[in-house]
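The values are calculated or read from the model by the stated rules, or taken from the named source; none is laboratory data. These numbers come from a predicted model, not from an experiment. Cβ coordinates were reconstructed from backbone atoms using ideal geometry, including for glycine residues, and neighbour counts include every protein chain displayed. Just the protein is used for accessible areas: all its heavy atoms, side chains included, with ligands, DNA and RNA removed. Shrake-Rupley method; radii C 1.70, N 1.55, O 1.52, S 1.80 Å.
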Amino acid sequence: MTESIMRLYPLFADLTGLPVLVVGGGHVAERKIDMLLASGASVLVGAPSLTPALAQLAEQGKVEHYAGTFQPTWLDHVWLVIAATDDRALNAQVAASASERRIFANVVDDPALSRFQVPAVVDRAPLTVAVSTGGAAPVIARRVREALETQLEHALGPLTALAQKHRARIMQRWPDLAERRAFYDWLHDGPVMALLRNARPDDAERELLEALNATASAAPKGSVQLVGAGPGDPGLLTLRALRALNQADVILHDSLVSVDVLALARRDAERIDVGKRCGGRHTQQEQIHQLLLDQTQLGRRVVRLKGGDPFVFGRGGEEMEFLRQHGIACEIVPGVTAAVACAAYAGIPLTHREHARSVHLLTGHGKESLEAMDWPALAQDHQTLAIYMGVARLEEFTQRLLEHGRRPDTPFVIVENGTLPQQRVLGGALHELPTLAKEHAIHPPALLIIGEVAALARDHAWFGIQNDAHRTLKLGDSTHD
């Protein structure tokens, strides 16, 4: 295998106010002109006719139109030219004329005729990342760009602008290169970036200025992100959650967080299991609070990783209050909650114009939760009940709903291990719920869905292996008004 060498010299060109010619008036030319205008170039477009969008730009004076077929004199005084026609002979003529005048030319989709390539771009202005295969495989460049889009958060743009604004002061404050690099690392990893991420630019700049004015190096500040891990399928993790996992120094995770989700975290991050298990080891909430405090006092970036969403039966509100009381920076990263995910993976819409006008999210954890519920309201038809942690109290739920008038033939579905390969779905009529759950040995984690929409799982199941030992779907022919 021959050794590959870099054939193109990477170059970012400042085209502000400079004339650039685009030959061609079609949709490909439109895309090229949009990017040139965004970069501040003075665009000339030469073509017999223009698309409506380009014609409008010409009418508005945003581009200058050379009507007719290509003339070499169009190249007079331009700095770059792009040939964007579907006529290869014409494109070759444009490239040859440009070469005679020592003008760089790009011919769309023809690297052999091009003197420069237009890369795939990740725009985090003023930060710009360009990806090029030298015209060899544009699709690969696009896929690389897509991967970078998931990794480079949009707050990098404001962060770069802030660093640019205070660059002279930063260099004066830290003339030593190693110390200056350490400061830029802090700028990216610390509270300034977190504040920009949370749309608080004034606070971010204030934090930066405090660091610039500090007379001595202060102890690093720790921070916490309350992150929703979703219901288990790692594909449901949000981009923001993934970034948090890749930046964490330590991860405090619940027992319901799947192994596959944890595998996406930074390899050298410390992992601490603080799960609460029925009948097993149980981490008290006070212990979790103390761990959060201890880790942040060490200056560490802590991710408190919770199954589902941290603010839906996840006690995230209590942890946020504790952190605020102790002056610890806290950021919330929502996750896909189990009710939404498990219902979707069972083929159940939680709302439906014909069957469900509302959704109630309930928890079956603790007897006091059941006592506080408005059972007459919950027993009404045409609403969906999504019940978390309800497996241990199925008989009580069934009895109370029936006592308060919910129809015995109301459909239900239990989704066990929702979104995971071992997902099971059990369904039937409300009056037989406890019996069927016992027969099929339903165990946590499982979500209970009660309401007319549950019957749709019979026809719309789509996830997992159908009709095997790992998936039970038993739904009667319940019909009601």
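Does the stretch 416-431 contain at least one residue that is in contact with a Gly (Cβ under 8 Å, 6 or more places away or on another chain) and under 16 Å from W375 (Cβ atoms)?
Within the stretch 416-431, not a single residue is in contact with a Gly (Cβ under 8 Å, 6 or more places away or on another chain) and under 16 Å from W375 (Cβ atoms).
So if I check each of L305, L323, L292, which one is open to solvent by less than 40 Å² (accessible area, probe 1.4 Å), at pLDDT 95 or above, more than 18 Å from A446 (Cα to Cα) and in contact with a His (Cβ under 7 Å, 6 or more places away or on another chain)?
On the way: L323 fails: in contact with a His (Cβ under 7 Å, 6 or more places away or on another chain); L292 fails: in contact with a His (Cβ under 7 Å, 6 or more places away or on another chain).
Selected residue: L305, the only one of L305, L323, L292 that is open to solvent by less than 40 Å² (accessible area, probe 1.4 Å), at pLDDT 95 or above, more than 18 Å from A446 (Cα to Cα) and in contact with a His (Cβ under 7 Å, 6 or more places away or on another chain).
Out of everything in the stretch 181-196 that is open to solvent by 40 Å² or more (accessible area, probe 1.4 Å) and in contact with a helix residue (DSSP H, G or I) (Cβ under 8 Å, 6 or more places away or on another chain), what residue ends up being farthest from Q247 (Cα to Cα)?
Y184
Which of the following residues is modelled with pLDDT of 95 or more and open to solvent by less than 10 Å² (accessible area, probe 1.4 Å): A338, A377, A346?
Matching residue, one of A338, A377, A346: A346.
Would you list the helices (runs of 4 or more DSSP H) that sit entirely within the stretch 150-247 and hold 1 or more residues that are under 30 Å from P445 (Cβ atoms)?
Passing ranges, in order: 239-247.
Out of curiosity, is T150 open to solvent by 40 Å² or more (accessible area, probe 1.4 Å), among the hydroxyl-bearing types (S, T, Y) and either within 30 Å of R115 (Cβ to Cβ) or modelled with pLDDT of 95 or more (or both)?
So T150 does not fit the description; no.
Can you tell me which residue among P19, P48, P72, P52 is open to solvent by 30 Å² or more (accessible area, probe 1.4 Å) and touching a Gly at 6+ places or on another chain (Cβ under 7 Å)? Let's see the steps before the verdict.
Details: P19 fails: touching a Gly at 6+ places or on another chain (Cβ under 7 Å); P72 fails: touching a Gly at 6+ places or on another chain (Cβ under 7 Å); P52 fails: touching a Gly at 6+ places or on another chain (Cβ under 7 Å).
Among P19, P48, P72, P52, only P48 is open to solvent by 30 Å² or more (accessible area, probe 1.4 Å) and touching a Gly at 6+ places or on another chain (Cβ under 7 Å).
Can you name every one of the strands (runs of 3 or more DSSP E) wholly within the stretch 294-396 that holds 3 or more residues which are touching a strand residue (DSSP E or B) at 6+ places or on another chain (Cβ under 8 Å), closer than 25 Å to L196 by Cβ and among the aliphatic types (A, V, I, L, M)?
Once the strands (runs of 3 or more DSSP E) in the stretch 294-396 are filtered for at least 3 residues that are touching a strand residue (DSSP E or B) at 6+ places or on another chain (Cβ under 8 Å), closer than 25 Å to L196 by Cβ and among the aliphatic types (A, V, I, L, M), what remains is 301-306, 329-333.
Give me a count of the residues in the stretch 256-278 that are open to solvent by 30 Å² or more (accessible area, probe 1.4 Å), touching a strand residue (DSSP E or B) at 6+ places or on another chain (Cβ under 8 Å) and touching a residue at least 24 places away in the same chain (Cβ under 8 Å).
1
Being closer than 20 Å to D14 by Cα, modelled with pLDDT of 95 or more and aromatic (F, W, Y): is that true of W79 here?
Answer is yes for this residue.
If G464 passes every condition in (1) at pLDDT 95 or above; (2) part of a loop (DSSP other than H, G, I, E, B) but one, which one does it miss?
(1)
Tally time: how many residues in the stretch 53-67 are of a type in the set (A, V, I, L, M) and under 17 Å from L18 (Cβ atoms)?
Total satisfying the criteria: 1.
Considering only residues that are without any contact (Cβ under 8 Å) to a residue 40 or more places away in the chain, assigned to a loop (DSSP other than H, G, I, E, B) and either among the small types (G, A, S) or closer than 21 Å to E153 by Cβ (or both), which ones fall in the stretch 113-141?
S114, P119, A125, P126, G135, A136, A137
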